[in-house]
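Chemist: One structure, pasted below without further comment.
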2 protein chains.
Amino acid sequence: MSVRTGILLVVSGPSGSGKTTLCRRLADLGEVRYSVSCTTRAPRPGEVNGRDYHFLQTSEFQRLVEAGEFLEHAEVHGNHYGTLRSEVLGHLDQGIDVVMDIDVQGAAQVRACNDPGIMRARVDLFVMPPSEEELESRLSGRGTDDPEVIALRLRNALQEMSHWREYRYMLHSSTRERDFERFRALVEAQRMRVSRLT
Amino acid sequence: MSVRTGILLVVSGPSGSGKTTLCRRLADLGEVRYSVSCTTRAPRPGEVNGRDYHFLQTSEFQRLVEAGEFLEHAEVHGNHYGTLRSEVLGHLDQGIDVVMDIDVQGAAQVRACNDPGIMRARVDLFVMPPSEEELESRLSGRGTDDPEVIALRLRNALQEMSHWREYRYMLHSSTRERDFERFRALVEAQRMRVSRLT
């Protein structure tokens with residue numbers, strides 16, 4: 001009665017919302033599996049292939065698109081991003097919860113997907129920064145970038161934020177600890193969903 | 001953006017599942033309002049009118065039924081039980097979360113209710129005893145009753161348990177503390193539901 005299929009937790013939110021930290025932290029506790037996306041963009045300093053992303057050549061990415069291997073994929077600022085079906089589906093069947101840290105375009109594709117395994121598993125969350133002021137401060141705080149880059153990042157963030165109503169759940173960020181408590185509560189609650197008990 | 005309407009958390013489960021303790025404990029913390037039911041049965045020792053139940057004469061109960069004042073009502077073992085709309089609706093509009101500790105018949109009526117305020121607010125949970133053995137032990141453990149009464153209670157509990165799939169969430173009871181953590185997580189998660197943010 002309490003055997004269940006995995007949760008597919010789709011998490012979006014602008015840069016500076018803290019969503020990636022939430023997802024990584026829960027995965028580091030061993031509670032969920034972090035779904036590693038593919039990308040054609042170049043690794044940033046410190047990023048590890050296979051942990052942060054699967055870094056692919058554009059030709060390889062295109063081949064996988066054509067083979068239908070992606071659950072979702074999108075182009076953002078000239079770079080391709082996507083999640084392989086294989087990164088997700090097998091785990092769900094085994095009752096392993098998977099968290100996908102993806103943008104609003106990708107989330108919309110997962111929402112539109114009519115694979116029964118995905119439909120049963122998915123639940124989506126938008127992580128909202130505490131305020132526009134705090135968001136601006138977080139985006140500037142990274143240090144190295146010039147004001148124009150920060151302004152662009154802020155415009156992108158605000159554009160992304162306009163999509164929050166498309167999600168089932170919204171976490172309005174406050175403190176790091178409180179955010180994590182609520183994030184965990186969402187996963188805990190989803191584990192009690194009758195529709196995933198087999 | 002983060003103003004929201006209240007949650008109507010409908011909780012069922014057999015005697016011995018611990019559901020009433022969960023509901024009362026959350027209400028005692030001030031996190032939710034416990035919806036006090038009306039009943040025509042006699043008060044048991046220690047029960048307080050207005051806290052445990054609103055104890056009513058059958059004629060008064062019938063008058064309220066005819067006036068359409070009940071959100072749900074049912075007859076169980078010859079006694080009437082019901083929840084007044086006034087006990088619930090005004091609180092939800094003010095963003096106060098209400099927990100209803102009711103049986104499967106009552107829960108089915110709340111589920112069938114097409115009042116938009118109720119439809120937006122409601123979420124239901126079935127609390128399942130850890131095992132049939134543990135349930136029997138909990139039902140016997142109350143002490144004063146004879147074996148036939150206990151056997152009847154167990155049959156009723158098993159009958160009630162057959163309805164768990166009608167609920168959206170199911171909490172399979174383990175320890176008292178763990179149950180409460182999960183119960184609280186469900187409320188916490190429901191507070192992030194976009195459909196209740198106005």
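Here, each number is a calculation from the coordinates, and none is a lab measurement. Since the model is a prediction, treat every value here as computed from it, not as a measurement. Don't worry about glycine lacking a Cβ; one is built from the backbone with ideal geometry, like all the others, and counts go over all protein chains shown.
Chemist: Within chain B, what percent of beta bridges assigned by DSSP are antiparallel, to the nearest 5?
Modeler: Antiparallel: roughly 35 percent of the beta bridges in chain B.
Chemist: What is the order of A:V110, A:V99, fewest Cβ neighbours within 10 Å to most?
Modeler: With the sparsest Cβ surroundings first, the list reads A:V110, A:V99.
Chemist: Using a Gaussian network model of chain A with C-alpha springs under 10 Å, which one of A:D115, A:D124, A:D101 is most mobile by mean-square fluctuation?
Modeler: Looking only at A:D115, A:D124, A:D101, the biggest GNM fluctuation is shown by A:D115.
Chemist: Using a 7 Å offset from Cα along the direction of the beta-carbon, what are the separations from A:S140 to the same position in each other copy, nm, ascending?
Modeler: 7.1
Chemist: Looking at the square roots a ≥ b ≥ c of the eigenvalues of the Cα gyration tensor of chain B, which shape do they give, rounded for a/c under 1.5, prolate if a/b is larger than b/c, or oblate?
Modeler: oblate
Chemist: Which distances, in nm and shortest first, link the A:R168 label point to the same label point in every other copy, taking 7 Å along Cα→Cβ?
Modeler: Here A:R168 shows inter-copy label distances of 0.9 nm.
Chemist: Against the empirical 2.2 N^0.38 Å scaling, what ratio does the C-alpha Rg of the range B:36-87 come to? Mind dumping the intermediate values first?
Modeler: On the way: Rg = 10.3 Å, N = 52, 2.2 N^0.38 = 9.9 Å.
Rounded to two decimals, the normalised Rg is 1.05.
Chemist: Same structure again: From other protein chains only, count the Cβ atoms within 10 Å of every residue's Cβ in A:187-197, then give the mean.
Modeler: Averaged over the peptide's residues, the number is 6.
Chemist: Where both residues lie in the protein assembly as shown, what percent of DSSP beta bridges are antiparallel, nearest 5?
Modeler: 35
Chemist: While we're on this one: Which of rounded, prolate or oblate describes the protein assembly as shown when judged by the alpha-carbon gyration tensor and an a/c cut-off of 1.5? Walk me through the intermediate numbers first.
Modeler: Numbers: a/c = 2.68, a/b = 1.99, b/c = 1.34.
Cα axes put the protein assembly as shown in the prolate bin.
Chemist: In addition: Per residue of chain A, what 222 nm ellipticity follows from adding -39500 (n - 2.57) for every DSSP H run with n ≥ 4, rounded to the nearest 500?
Modeler: -11500 deg cm²/dmol
Chemist: With unit charges on the beta carbon (Lys/Arg positive, Asp/Glu negative), name the residue among A:L56, A:G46, A:H80 whose Cα is farthest towards the positive pole of the charge dipole of the range A:36-87.
Modeler: So the residue we want is A:G46.
Chemist: Check which residues have an amide H placed less than 5 Å from A:R33's amide H, if you skip close sequence neighbours.
Modeler: Residues meeting the criterion, in which the H sits 1.01 Å from N, are A:D97, A:V98, A:V99.
Chemist: Would you please give the residues with an amide H less than 5 Å from that of B:E72, counting only those at least 5 places away or on a separate chain, with H modeled from the backbone geometry?
Modeler: Residues meeting the criterion, in which the H sits 1.01 Å from N, are B:T83.
Chemist: If you don't mind, there's one more thing I want to ask. Given Cβ point charges of +1 (Lys, Arg) and -1 (Asp, Glu) and nothing else, what value in debye, to the nearest 20, does the dipole of the protein assembly as shown about its Cα centre take?
Modeler: 40
Chemist: A follow-up question, please. Before anything else, pin down the relative contact order of chain A: Cα pairs under 8 Å, at least 6 apart, normalised by residue count, whole percent.
Modeler: Here the relative contact order equals 34 percent.
Chemist: I'd like the distance separating the alpha-carbon centroids of the range B:183-198 and the range A:1-46, in whole Å.
Modeler: 21
Chemist: Can you list the residues, at least 5 places off or on another chain, whose amide H is less than 5 Å from the amide H of B:H54, using H built in the peptide plane?
Modeler: B:S37, B:C38, B:T39
Chemist: Could I ask something else about it? I want the local charge near A:L154. Using Cβ-Cβ distances under 9 Å, sum +1 for each Lys or Arg and -1 for each Asp or Glu among the other residues.
Modeler: With Lys, Arg at +1 and Asp, Glu at -1, the net is 0.
Chemist: Now, a different point. Please rank B:S162, A:S173, fewest neighbouring Cβ atoms within 10 Å first, as an exposure proxy.
Modeler: In increasing order of surrounding Cβ atoms, one gets B:S162, A:S173.
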